[in-house]
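The values are calculated or read from the model by the stated rules, or taken from the named source; none is laboratory data. Predicted, not measured: the structure shown is a model, and the values here were computed from it. Here Cβ is always computed from backbone atoms with ideal geometry, including for glycine, and neighbour counts include all displayed protein chains. When the accessible area is computed, the model is the full protein with side chains, heavy atoms only, and any ligands, DNA or RNA have been set aside. Shrake-Rupley method; radii C 1.70, N 1.55, O 1.52, S 1.80 Å.
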Amino acid sequence: IYADPAKRLELYFRPEDPYCHPVCANRFPTSTMLLRVTRRSRRKKQLDTEGQTQPEVHFEMEILGIVTTVYKFQGMSDFQYLAMHSGPDGKQTSMYDKVLMLKPEKEEFFNRELPLYIPPPIFSRLDTPIDYFYRPDIQHREGYNNPQVSGENLIGLSRARRPHNAIFVNFDDEEIPAKPLDAAVQTWKKVCTNPVDKKVEEELRKLFEVRPVWSRNAVKANISVHPDKLKLLLPYLAYYMLTGPWRSLWVRFGYDPRKHPEAKIYQVLDFRIRCGMKYGYAPNDMPVKAKRSTYNYSLPITVKKQVSHTVSVHDLKQGLGTAGASGAKKPPSSRYKLKESIYIFREGALPPYRQMFYQLCDLNVESLQKIIRRNDGSESECTERDGWCLPKTSDDLRDRMSAMIKQIIRSTRPALFSNTTSSEDCKEQLAYESGEDEDDEEEEEEDFKPSDGSENEMETEILDYV
C-alpha cells in the first residue's frame, strides 16, 4: 500500500472473516519524529510521606528517525454483513462452516441444501459524511427538448446533449455533409474572439486542404490548441465517420472518401500490440505499459480527491487555447502539441500505447507501404471492411508490424527470447487477435483479449460529442 500513493490502507476488524468489510485510512504527508522512550527504575531507599520506599524512575529518549507519511482513519465504519441465517423462531445460526471451503471437499459438500446467502456485491462508495443538495428540477441548456420516452432510450434522459454539434456519418449513408451545422458555426464564433484562435482555425483549414482526412491525435500533433477548443473547432470544419475503413476519423466537409480511390492511404488501422506467453513475453514484460488497467481500479472514496478544473465559455474567450499562464514551461507555440509517435509508426520505435489507431499514410515503413500499394491503379470497389485495399490487407499489415515490434523487444530484452524458433513458427505465433470479427478464425477469437487498459480513441471521442 505504501508503494502506491493512490491506494488506501485497509483495516479489518475480523481478519479471519472473508466477508468483513474494512475501514480505510487516507495517506497524508507529515514531518514528525519517531521517538524511542525507555523507562528505567532503580530501587532506592527513598521514603515517601508514609515512610515507604519508592523506586527511582529515569526516562531516556532517542530520536530514531523522521516520519514523512501517516495514514489517518477519518472515515466512518461501513455495514458488516455476517454469514448468518435467521430461523423461523428468530434464532441466528452461523453459516461459516457451511459456505467456506477450508480444505478439499467431496461432492457431498456442494450438494447440501443450505439457506440462500448472497453477500452484497458492493458497499457504500463514500465513507465521509457529505451534504447533498437536492435540486427541484434539472436545468437544461437552451434549445433542449425532452426526448420521446420509449423502451429504446430510457437511459440517460436526465443529461442534456452536449452542444458541440458534430455530424456523424455511417459508411452506408448515401450523402455526406457539405457544410457544418449552424449551431456549430455559432458555437465556434462565440469563443473565437482573439487572434490566436483565428490563427489556429487557419492552420486547421490548411491541414484539411493538404489532407482531407485526419485523426484527432494527428491534429493535436500538428497544431497547438487547447483540447476544449479543439472539440468546438473540429465540428466546424469536418464531419466524423462512425463506421467503415475511415471510422474514428474527421473528414473535410464535401469530401467523400468512398468515391476517391486515392483516399485509400487515409484509411484507419486498429493495431494492438500482441502480448502473451505464446508470443514469447507476458503482459508484465511488455515495454509498453497499459494506459489504464481495471486491475488497479480503486473506488473514488478517498478524502483527497483531485479537483477537476471546469472550463467555461468565459475561459475559452480569454484565449485558453494558447495564451495560458505566464509561468508555463512550454512556449505557447507547442504547449498542447503531442509527439509525432502518437499517430506515426516508424521502424525501430515502439508505439506509446498497446492499442493504436494509425492511418495508412502514417505507417512510415517501406515494407508496409508496399503492402498498401499492391493494388494501386486497379481499385474497383470500396468495401466497408477493407475500403479500397485488397482483402486481408489489414491482417498483413498487423502481422508485419507485430514482427517488427517483437524484433525490437528481442533486442532490448534478449532473455525473453532464449528459445529460438523458426520463421514459420514465428509467423504462426504472430497470428493477430483482430478487434474485428473473423468468421473463419475461431481459434484466434478464443485467444483474443483486448489490450489491457489502452484508450479506445473512437469510443472516448464519441462520448465527447453526444
- What ranking of T243, T68 comes out by heavy-atom accessible area, probe 1.4 Å, highest first? T68, T243
- Query: Which value, in Å² rounded to 10, gives the accessible area of H260 with a 1.4 Å probe and all protein chains present?
  - Reply: 70 Å²
- Query: What's the FRET efficiency of Q74 with S341 using the Cβ-Cβ distance as r and R₀ = 56 Å, to the nearest 0.05?
  - Reply: 0.85
- Task: Can you figure out the FRET efficiency of E175 with E384, using R₀ = 22 Å and their beta-carbon distance, to the nearest 0.05?
- Result: 0.85
- Starting from the Cα of I1, move 7 Å in the Cα-to-Cβ direction to define the label point; list residues of region 11-36 whose amide nitrogen is under 12 Å from there. 11-13, 22-28
- Please find the FRET efficiency linking R42 to F13, where r is the Cβ-Cβ separation and R0 is fixed at 30 Å, and quote it to the nearest 0.05. 0.10
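Which order do T193, T128 take when ranked by solvent-accessible area (1.4 Å probe, heavy atoms of all protein chains), largest first?
Numbers: T193 75, T128 45 Å².
Final ranking, largest accessible area leading: T193, T128.
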- Give the peptides 336-349, 391-404, 90-103 in descending order of average Cβ contacts within 10 Å, highest first. 391-404, 336-349, 90-103
- Between L9 and residues 5 or more places away or on another chain, which pairs have amide H atoms under 5 Å apart, with H built 1.01 Å from N, and which residues are they? A25
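Accessible area, 1.4 Å probe, largest first: how do L233, L116, L207 sort?
L116, L207, L233
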- Over 32 Å between alpha carbons, listed pairs K231/K392; K198/K339; K72/K231: K231/K392; K72/K231
- Would you work out if region 1-47 is rounded, prolate or oblate? Take a ≥ b ≥ c from the square roots of the eigenvalues of the alpha-carbon gyration tensor; rounded if a/c is under 1.5, else prolate when a/b is larger than b/c, oblate otherwise. oblate
